[in-house]
1. So, in the range 12-43, of the ones that are touching a Phe, Trp or Tyr at 6+ places or on another chain (Cβ under 9 Å), under 22 Å from M1 (Cβ atoms) and not aromatic (F, W, Y), which residue ends up farthest from the ligand (Cβ to nearest atom)?
2. Among the numbered conditions (1) among the aliphatic types (A, V, I, L, M); (2) loosely packed, with under 10 Cβ neighbours inside 10 Å; (3) within 16 Å of the ligand (Cβ to nearest atom), tell me where I86 comes up short.
3. Of the residues C66, C47, which is out of contact with any strand residue (DSSP E or B) (no Cβ under 8 Å at 6 or more places or on another chain), within 27 Å of P80 (Cα to Cα) and surrounded by 15 or more Cβ atoms within 10 Å (Cβ to Cβ)?
4. Output the residues belonging to the range 44-75 that are touching a residue at least 24 places away in the same chain (Cβ under 8 Å) and either within 14 Å of the ligand (Cβ to nearest atom) or not in a loop (DSSP other than H, G, I, E, B) (or both).
Amino acid sequence: MVRLRRSMDFASQHPALLKYGAGKLGTQVAEIYQQLGLAWEFLGLQCLHWDGFAKAANGTETCKICGKVKSQGDAWLLLPKNGRKIVGRRLLPTSKKTFSSEEKARLLVDSIEFHGAKLKVEVQNAYRKSLFGKKRDITIAADRMVRLSEGDIECRFDTHTMQLRLLERGPRNRLPFGAFPWELSRKQLKKFPIILEYDHQGRFLGLTLFRQQPRARSRQVSRTNGRPENRQAAATGSPI
Ligand SMILES: [Zn+2]
């Protein structure tokens, strides 16, 4: 690490650079400096800042070994090629407050493509959203939403539901019809409500499973589908 920094100092003080980087050699030295900087960044990711942070005169704290500024996040991730890979931690909504905008309520939006499977995680606190102008505000519930896509099948988890969906079988603007499996009794369906979904041609679209909650379900609208009332209405209107 120290040798790397010395090399960077050496490159940065190269006479070819002092003439404002003009000329071929100047460009080459500047490029080497950039590459050393990148190497430094990746080496720094391995640093666990064992020796602690030193406070500079302007109040910023930097690692004594790698020079990382304490409050700044890393721009890269370093993952082992073999073995368990961990990115982030399990984040849940942090506040019971309802925020005034989506931006203020948002805690995490991140995604990864892993050997062809796509995974997206969104975590948010509750916020107000105006649907039709300012007159009709609705509250979007605090939620942790996980979406996994494998080929043309998508699996979504949020606080209240689990959905399995076959993707894009025609225009998405049409709401799916929904029905409960008729062989199950109401008593059983109350314990694990499952709704099967199909389109106007009767093709299977997916299913929704309402997850058991320790307390009563709130009446807030979940952001992932945003239309539970419609689906409920469709479900109760069909033979059970
Ligand atoms: Zn460090």
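1. Filtering the range 12-43 for residues touching a Phe, Trp or Tyr at 6+ places or on another chain (Cβ under 9 Å) gives 12, 14, 17, 26, 41-42.
Filter again for under 22 Å from M1 (Cβ atoms), leaving 12, 14, 41-42.
So of that shortlist, the ones also not aromatic (F, W, Y) come out as 12, 14, 41.
On the way: S12: 21, H14: 27, E41: 12 Å.
By that ranking, first place goes to H14.
2. It fails just one condition, (3).
3. C66
4. Selection gives G44, L45, Q46, C47, I65, C66, G67, K68, D74.
FYI, it's all coordinate maths here, none of it is from the lab. Remember, it's a predicted structure, so these values are computed and weren't measured experimentally. Note that we place each Cβ from the backbone using ideal geometry, even for glycine, and neighbour counts take in every protein chain shown.
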